[in-house]
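Student: Here you go, one structure.
The values are calculated or read from the model by the stated rules, or taken from the named source; none is laboratory data. If you're wondering where the values come from, they're calculated on a predicted model, not measured in any experiment. Cβ: placed from backbone, ideal geometry, glycine included. Neighbour counts: every protein chain shown. Just the protein is used for accessible areas: all its heavy atoms, side chains included, with ligands, DNA and RNA removed. Shrake-Rupley method; radii C 1.70, N 1.55, O 1.52, S 1.80 Å.
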Amino acid sequence: MNKYLSVLLRVMISLVFMGILVWMFWGDRSKIWDILKDVNPCDFFTAVLMNILALVIVSYRLKIILAVQGLKLTIVESSYLTFIGMFFNNFLPTSIGGDLVKAYYATKKSEKKLESFSAVFFDRFFGFLSIGLLAFFGLLFMNGKIGDPKLMWGCATFAGAVFLIFMLFLNKNLAKGLFSGVLDMSIFRKGSKLRKLYNALNTYKEHPVVVVKVVGISLMAQVVSVVSLYFIIKSLSQEISFLNLFLIMPLVSVASMIPSINGLGVREGAFVMFLSEFISKGSSAAVSILFLATVLLTSLMGGIVYLFSDKLYKIPKVG
């Protein structure tokens, strides 16, 4: 029953947000359509390519994170996991649902099930960290030039929260002190699955060089995503400072995590809210539609890859 209620909740949230957006822009629908008809195909195609490149970079990050747990994948195999994760995001809770699919398929190719799930968890964790870094750099570059306080305080709050969590992750003594009581519970006894999962998560603290490398790769993927958004806006002949997008993209990414159908409705509403500070509301709505189109295109690619998974995903089991 809870499973069906969760699905219903996601559908309802997406429908409510989409309904609000349709209601807001119903009178301007012809204007938005005129804006979309004039889209520059070259710039939009570049945006799609940048989005695909960002996913390939993220796939390389996942490859490195899995290697720490002794799971050796090629970049092609890692990319497979990333793209099918994108595909299943359309059916599972927000963008985190696709992570569960990635972990599931990683466990099919190895006996290290807990290690696979911990690796995918940290892949998401470093993704959050990179979003926080993006927000921080946006605040740094745009200091004193932000007209909308929602952008400034939203980015500052999120960046601060992410950094605190990351420092907790790096500080062994602090983490041990905070969780010592929990670890003494019987469910965390030595040899239990939860204890093994905890040990697997702690493995990354022993690889500081890998952590630094993964953080850099994550930030690179976020910057490429910003470039993709910039070309979407450019395809509509709209002018916006590239640095402004360092503030907008993190907030849109966080909004997309709200339970919904792959962020549908919530993400588009966030684009309209934050982009309207710099371009017209009609153009902001058009940008959200084109961004959704890039998401659907990459999801379709993931679906195609999934159809041919038996041929593309050949990873020998670890004995």
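Student: Going through the cross-link list Lys72/Lys205; Lys102/Lys281; Lys63/Lys234, which pairs have a Cα-Cα distance over 28 Å in this structure?
Tutor: Those over the limit are Lys102/Lys281; Lys63/Lys234.
Student: Within 10 Å, count the other beta carbons around each residue, average over each peptide in 237-246, 213-222, and list them highest first.
Tutor: In descending order of packing, they fall as 213-222, 237-246.
Student: At 1.4 Å probe size, what's the solvent-accessible area of Lys31? Round to the nearest 10 Å².
Tutor: 110 Å²
Student: Order 80-87, 36-43 from most to least packed using the mean count of other Cβ atoms within 10 Å.
Tutor: Ranked by mean Cβ neighbours within 10 Å, highest first: 80-87, 36-43.
Student: Now, a different point. Summing Lys, Arg as +1 and Asp, Glu as -1, what charge do residues with Cβ under 15 Å from the Cβ of Phe128 carry, Phe128 excluded?
Tutor: Net of charged neighbours comes to 0.
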